[in-house]
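First up is the structure itself, then whatever we jot down about it.
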């Protein structure tokens, strides 16, 4: 497989994102409507799931129907937080890696998710191609993306309070390595990467501070749950969930060969207490405190 040139990476190393953004940020509404969307799209069972951008494991416990979950994040400290939150459950495998250079054998996973992660990617197509490479034909891939064509952006544009158009296909970078994408662009990239869309859900219809203050949380979540069902018809919310299926004829690797060396593409390793050593090229990939580190400096 051709190795892509490395685009810039949004690194959450040492970040208190989980605490500040989720636990202290008054985002119970967003968390619960995302959980509802996931419950509607997740497969009923599975052997091995790839969770890209797992962070501190906020969504990981929602994958109870899956036998094993591989949590991937570029930040080792985020994965350490996930370990603390999830405990010593051997269902979980922790991997520090770059989404543009995923260290997984072809066709090893039968499902994958990427939630609140694509918006940090300057080259989203490269990331989607890497994920597709690691998926079996027919695997379920659930993608969430930040929607450029949301109602707030449309209103601001019509009132001339913003210069960029929410209707054009190019991404908008509203701050460094934070992008909103147009639904048509997402659909095009998924098709090019050999994914077919099976369902779309629009999420966070009522992401307004005044609504979250005035309407009880359970009612607001139920309202959003009903509105999510319109996602196949139109996409005007700040967040969109897309369920897809991997298509095309691609190889399937036996389940005991999860990892591949991103230096030489081989999957034959010797395990030591401190590293995964590639027998083909000799490169050592650190294994520290239960986290496999496949990042290249």
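The values are calculated or read from the model by the stated rules, or taken from the named source; none is laboratory data. No experiment lies behind these values; they were computed from the predicted model shown. Virtual Cβ from ideal backbone geometry, glycine too; neighbours counted across all protein chains shown.
A few points about this structure:
- Restricting the range 231-268 to residues that are more than 19 Å from residue 193 (Cβ to Cβ) and outside any loop (DSSP other than H, G, I, E, B) leaves a set whose member that is nearest to the chain's Cα centre (by Cα) is 239.
- Of all residues in the range 237-252, exactly one satisfies the criterion of being under 8 Å from residue 137 (Cα atoms) and buried (at least 19 other Cβ atoms within 10 Å of the Cβ), namely 246.
- Here 227, 171, 246 are screened, and the one residue that is modelled with pLDDT of 95 or more, farther than 16 Å from residue 148 by Cβ and touching a helix residue (DSSP H, G or I) at 6+ places or on another chain (Cβ under 9 Å) is 246.
- Some residue of the range 112-123 being surrounded by fewer than 21 Cβ atoms within 10 Å (Cβ to Cβ), on the phi > 0 side of the Ramachandran plot, out of contact with any helix residue (DSSP H, G or I) (no Cβ under 7 Å at 6 or more places or on another chain) and at pLDDT 95 or above: yes
- Considering the conditions (1) surrounded by fewer than 17 Cβ atoms within 10 Å (Cβ to Cβ); (2) in a loop (DSSP other than H, G, I, E, B); (3) at positive phi, residue 162 is excluded by exactly one of them, (3).
- For the range 269-283, a residue qualifies if it is in a loop (DSSP other than H, G, I, E, B) and farther than 24 Å from residue 99 by Cβ, and the qualifying residues are 272, 273, 274, 279, 282.
- Flag for residue 182 being under 20 Å from residue 38 (Cβ atoms) and buried (at least 20 other Cβ atoms within 10 Å of the Cβ): no
- The residue list 210, 263 contains one member that is closer than 21 Å to residue 102 by Cβ and out of contact with any helix residue (DSSP H, G or I) (no Cβ under 8 Å at 6 or more places or on another chain), which is 263.
- Only residues that are free of Cβ contacts under 8 Å to residues at least 60 places away in the same chain, more than 24 Å from residue 255 (Cβ to Cβ), in a helix (DSSP H, G or I) and in contact with a helix residue (DSSP H, G or I) (Cβ under 6 Å, 6 or more places away or on another chain) were counted in the range 36-84, giving 0.
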